[in-house]
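Shown next, in structure tokens, is the structure this report addresses.
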Amino acid sequence: MKNYRFPFLDLGEINRGYYSGLCEAAERVIASGRYIGGEEVERLECEMAEMCRAPYAVGVSNGLDALRLIMTAWVETGLLSRGDGVIVAANTYIASILAIIHSGLRPVLVDPDEKTLNLSAEGVEKACMADEGAKAVMPVHLYGRVAWDKDLREIVTRKELLVIEDAAQAIGAISPRPGLFGSRHAGALGHAGAFSFYPTKNIGALGDGGIVVTHSKRIADTVRALANYGKTSQYHNEYVGFNCRLDPLQAAMLRVKLGDARNVNARRFERAVAYNNVISHPLVIKPEITPQVTDQVWHQYVVRIPEGRRDRMRLYLADNGVETALHYPVPPHCQPCLRSLPHSPLPVTEKLASEILSLPISDCTPVADAAAIGRIINSFNQ
Ligand SMILES: *Cc1c(COP(=O)(O)O)cnc(C)c1O
């Protein structure tokens, strides 16, 4: 493995910052004798619900399961029928789309807005016109930027669409516009939201983890039952359920880190500002820093390099000690497993996949490093 002067992400370093708290939390669980469910999971659920200003949260095994449990609950409770369409931006991580398929629903792929890289009201409008069966919409807050505005709110209300947020990349983000139930917090803007605690996310577990946040008691109860073999009370299995529970060991450690979410996101913002201030190469399209600031938690800092020069820039950066990543180089609809998925033409998604480049932006990356990387980018002349 190459040793980079500027590594993309050092998870060990991030978690060393919480070392004593993590050890204490793990010891507490080991001593408790309770290794499934229990107080640590319940407390994390309360803390997440409170943070998102939503009444219910249910800890689950990971982000993919959080998404698919919500949509399966919608089907089980009759809010959706098998085969109904869920509108989603095609440049998302493939998990968003897999979850729709696993729930017996149908992904309706639309191109994202070129500026926000997120789902737009216009995209939703077009999808609804072309597809009568579209009954739900999944805003994915890609790279940590909230996909929610006045127009999106207006159209989901007018078309009476169910809203499931894929908030895996946007923990702690706050939208300038209130959601359907008053909360402005990512994950609580629509009917239900899914978070992932995958280790690389802004708040990451030391393994897999996820959580569902919702305004509906019925959906919270159904998700909880589905995640536990479909069991609604002892010896009574109401649904053909799964085992998708969150470990108390992960919950206890996550509680240590969750309390620091605001600082983590503030540090990421500082790095994004440093990049935007320094990068001035004419070929590089920088992400927008929104005036509201809080509606973007910088899960990734993604620039675009058009004209087929992205890969050359990536090699040049590697040669200069900068490790980068691609989120994501192959759009889901181009993956072999989704070959037969019908979709409209997706020129924006396909163009973006060839232009995007993610720069290091963990909360451990020193601000000075972001500035130094920006200067290296400015010297690119190939
Ligand atoms: C990480 C991620 C997921 C999946 O979360 P897991 O916990 O890895 O299952 C889903 N959607 C998006 C946008 C993600 O970034």
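When the Cα gyration tensor is reduced to axis lengths a ≥ b ≥ c, the ratio a/c stays below 1.5 for segment 63-196, which is therefore classed as rounded. Rolling a 1.4 Å probe over the protein heavy atoms gives the chain an accessible area of 43 Å² per residue. Which distance in nm do the two modelled labels at GLN234 and CYS46 give, with both placed 7 Å along the Cα-to-Cβ direction? Label-label distance for GLN234 and CYS46, simple model: 2.4 nm.
How much net charge surrounds ILE14 when only other residues with a Cβ under 13 Å from its Cβ are counted (Lys, Arg +1; Asp, Glu -1)? Can you show the working numbers first?
On the way: positive: ARG16, LYS201, LYS257, ARG267, ARG268; negative: ASP10, GLU13, ASP260, ASP363.
Net charge in that neighbourhood comes out at +1.
Under the rule a/c < 1.5 gives rounded, and otherwise a/b versus b/c splits prolate from oblate, where does segment 176-256 land using the Cα gyration tensor? Oblate shape, in that a/c is at least 1.5 and b/c is the bigger or equal ratio.
Checking the a/c ratio against 1.5 first, then a/b against b/c, what shape does the Cα gyration tensor give for the chain? It comes out oblate by the Cα gyration axes. Note on the chain: antiparallel DSSP beta bridges, both residues inside, total approximately 60 percent of the bridges counted. Helices assigned as whole DSSP H runs in the chain whose Cα atoms extend at least 18 Å along their own long axis and whose mean Kyte-Doolittle hydropathy is 0.0 or higher are found at 19-32, 63-76. Within the assembled protein chains, the solvent-accessible surface assigned to TYR56 is about 70 Å², based on a 1.4 Å probe. Under 20 Å of direct C-alpha separation, and excluding same-chain neighbours fewer than eight residues apart, LYS286 reaches these lysines: LYS115, LYS351. When nucleic acids and ligands are ignored and a 1.4 Å probe is applied, PHE242 ends up with an accessible area of around 60 Å². Take the Cα of SER280, step 7 Å toward its Cβ, do the same at GLU355, and the gap between the two points is 2.3 nm.
Taking Cα centre as origin and charging only the Cβ of basic (Lys, Arg, +1) and acidic (Asp, Glu, -1) residues, the dipole magnitude of the chain rounds to 260 debye.
How many percent of the accessible area of the chain is carbon or sulfur, using a 1.4 Å probe?
Values: 8470 of 16610 Å².
Ligands and nucleic acids excluded, carbon and sulfur reach 51 percent.
Using the Cα centre as the reference, give the magnitude of the dipole from point charges on the C-beta atoms of segment 1-51 (Lys, Arg: +1; Asp, Glu: -1; all else neutral), rounded to the nearest 20 debye. Don't jump to the answer; show the numbers that get you there.
On the way: 6 positive and 10 negative charges, 90 e Å.
Value, rounded to 20: 440 debye.
Residue farthest toward the positive end of the dipole of segment 1-142, with Cβ of Lys/Arg at +1 and Asp/Glu at -1: which of ALA49, PRO7, ILE100? Of the candidates, PRO7 comes out farthest on the positive side. Largest first, the residues LYS201, LYS150 sort by 1.4 Å accessible area into LYS150, LYS201. Solvent-accessible surface of protein heavy atoms, probed at 1.4 angstrom with all chains present, puts ILE30, ILE305, ILE94 in the order ILE30, ILE94, ILE305, largest first. Here segment 63-138 is treated with +1 on each Lys and Arg Cβ and -1 on each Asp and Glu Cβ, and its dipole about the Cα centre works out to around 220 debye.
Loop only by DSSP, 12 or fewer other Cβ within 10 Å of the Cβ. Give me the GluC sites (Glu not before Pro) in segment 286-324 that pass, ordered by residue number. Display every interim value, and only then the final one.
Details: sites: GLU288, GLU307, GLU323; in loops: GLU288, GLU307, GLU323.
Qualifying residues, ordered by number: GLU288, GLU307.
I'd like the antiparallel share, as a percent to the nearest 5, of DSSP beta bridges with both residues in segment 119-217. Roughly 50 percent of the DSSP beta bridges within segment 119-217 come out antiparallel.
The values are calculated or read from the model by the stated rules, or taken from the named source; none is laboratory data. Since this is a predicted model, take the numbers as computed values, not measurements. So basically every Cβ, Gly included, is an ideal-geometry build from the backbone, and we count neighbours across all protein chains shown. For accessibility, only protein heavy atoms count, side chains too; no ligands or nucleic acids. Shrake-Rupley method; radii C 1.70, N 1.55, O 1.52, S 1.80 Å.
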